[in-house]
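> My questions will all concern the structure given below.
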Amino acid sequence: MRFIKFVKMQAAGNDFIVFDNRKKVIKKNYSKLAQGLCRRNFSIGADGILLIESSTTADFKMIIINSDGSQANMCGNGARCAALFAYANKISGKTMKFETGAGIIKAKVNGFKVRITLTEPKDIKLDMNLRIESREIHVSSVNSGVPHAVILSPNIEQVDIASIGRLIRNHTQFTPEGTNVDFIKVIDEHTIKIRTYERGVEAETYACGTGCVAGAIIAGLKKMVKSPVKLVTSGGEKLNVYFSRSKTENLLIPIYGLQLEGKAEVIFEGNIPHAFPSRQNAGLRR
């Protein structure tokens, strides 16, 4: 029986199953593979899978499949895991660039700490009033690689993320794709506490890299924080976001030069049967 090697990695509590797929060992059924492998308690368990593939324009290409089988354009913590994986496996040097669905991402590895430079933010909207059941919620939004809705929440510890997050994620304002949802509490001008309901995982996650960037962008636009910003995540890990502000108050790109930094690490390595991706329900049921 042939086997496919994988590496289980995590960054700020976001965990991923990573495959070196440059030789196209996994040819299809990415969605079923992710659904099968990411089921916690029944399989390896993860927020998603990362496929490292060949690129003609960069050091490699990163494909992200969420635990529900959907494909994501970008994942900040996944990108940091991919960068560490690429360096450890001699796919790239300590500095690199790689393809994502959101565009080219640059990264630099320094020990277990990885800093990535993201694409410029877009689709910025501040202070929308959304009707959620019987009340109005003030929401801002930005695409920091993937779409995010950001809500200022002074009582962030008491927020029912599963309920409110799901309602905002599926709100008509964000159709048809939906959005990730970030609840932030500004502690001081360099510190934010954040909780995220993640699209594709459909639950609160320990951290979301692009969510941390989105939270820093919105708080920065409101002049509540200054770079660098430390984001304290649900899992207790801390991520740093760096940015520059436009001196001319450029409305197209008021904040630019976005970077995300934090630790990433390998948890364990293993192998799955080569036939796993093609089995019914990704091999979960015999």
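The values are calculated or read from the model by the stated rules, or taken from the named source; none is laboratory data. Fair warning: this is a prediction, and the values are worked out from it, not measured in the lab. Positions of Cβ are generated from backbone atoms using ideal geometry, with glycine treated the same way; all protein chains shown enter the neighbour counts.
> If you take the residues in segment 45-87 that are among the charged types (D, E, K, R) and in a loop (DSSP other than H, G, I, E, B), which one is farthest from LYS28 (Cα to Cα)?
If we take residues in segment 45-87 being among the charged types (D, E, K, R) and in a loop (DSSP other than H, G, I, E, B), then ASP59 is farthest from LYS28 (Cα to Cα).
> Looking at segment 210-242, which of its residues are in a helix (DSSP H, G or I) and within 21 Å of ALA162 (Cβ to Cβ)?
Of everything in segment 210-242, those that are in a helix (DSSP H, G or I) and within 21 Å of ALA162 (Cβ to Cβ) turn out to be THR210, GLY211, CYS212, ALA214, GLY215.
> For ASP182, indicate whether it is touching a strand residue (DSSP E or B) at 6+ places or on another chain (Cβ under 9 Å), on the phi > 0 side of the Ramachandran plot and outside any loop (DSSP other than H, G, I, E, B).
no
> When you scan segment 187-201, how many residues do you find that are surrounded by fewer than 24 Cβ atoms within 10 Å (Cβ to Cβ) and more than 13 Å from the chain's Cα centre (by Cα)?
Qualifying residue count for the region: 6.
> Would it be correct to say that ILE26 is closer than 27 Å to LEU260 by Cα and not assigned by TED's automatic domain parsing to the domain that holds THR196?
no
> For ALA83, indicate whether it is crowded, with 22+ Cβ neighbours inside 10 Å and among the aliphatic types (A, V, I, L, M).
yes
> Right, next: Identify, please: which residue in segment 202-238 is aliphatic (A, V, I, L, M) and surrounded by fewer than 21 Cβ atoms within 10 Å (Cβ to Cβ) and is, among those, nearest to GLN35 (Cα to Cα)?
Checking each candidate, the answer is ALA203.
Residue-wise test of (1) of a type in the set (D, E, K, R); (2) over 20 Å from the mean Cα position of the chain (by Cα); (3) farther than 17 Å from GLY69 by Cα; (4) outside the structural domain of GLY101 (by TED's automatic domain parsing).
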position: PHE16; (1), (2), (3), (4): no, no, no, no
position: ARG22; (1), (2), (3), (4): yes, yes, yes, no
position: TYR30; (1), (2), (3), (4): no, no, no, no
position: ASP47; (1), (2), (3), (4): yes, no, no, no
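> Confirm whether GLU269 is assigned to a strand (DSSP E or B), under 16 Å from the mean Cα position of the chain (by Cα) and modelled with pLDDT of 95 or more.
No, not satisfied.
> I would also like to ask the following. Being within 21 Å of ARG195 (Cβ to Cβ) and surrounded by 24 or more Cβ atoms within 10 Å (Cβ to Cβ): is that true of GLY178 here?
Criteria not met by GLY178.
> Return only the number of the condition from (1) modelled with pLDDT under 95; (2) assigned to a strand (DSSP E or B) that ASN250 does not satisfy.
(2)
> Which is in the same structural domain as ALA58 (by TED's automatic domain parsing) and under 21 Å from ASN240 (Cα atoms), of LYS108, LYS90?
Sole residue among the options that is in the same structural domain as ALA58 (by TED's automatic domain parsing) and under 21 Å from ASN240 (Cα atoms): LYS108.
> Also, quick follow-up: Considering segment 88-105 alone, what residues qualify as being part of a loop (DSSP other than H, G, I, E, B) and charged (D, E, K, R)?
Within segment 88-105, LYS90, LYS94 meet the criteria.
> Then there's this: Any idea which of MET74, MET62 is surrounded by 24 or more Cβ atoms within 10 Å (Cβ to Cβ) and in the same structural domain as MET9 (by TED's automatic domain parsing)?
When all the criteria are applied, what remains is MET62.
> So, restricting to strands (runs of 3 or more DSSP E) that lie completely within segment 106-173, which ones have at least 2 residues that are crowded, with 22+ Cβ neighbours inside 10 Å and modelled with pLDDT of 95 or more?
Result: 113-117, 135-143, 147-152.
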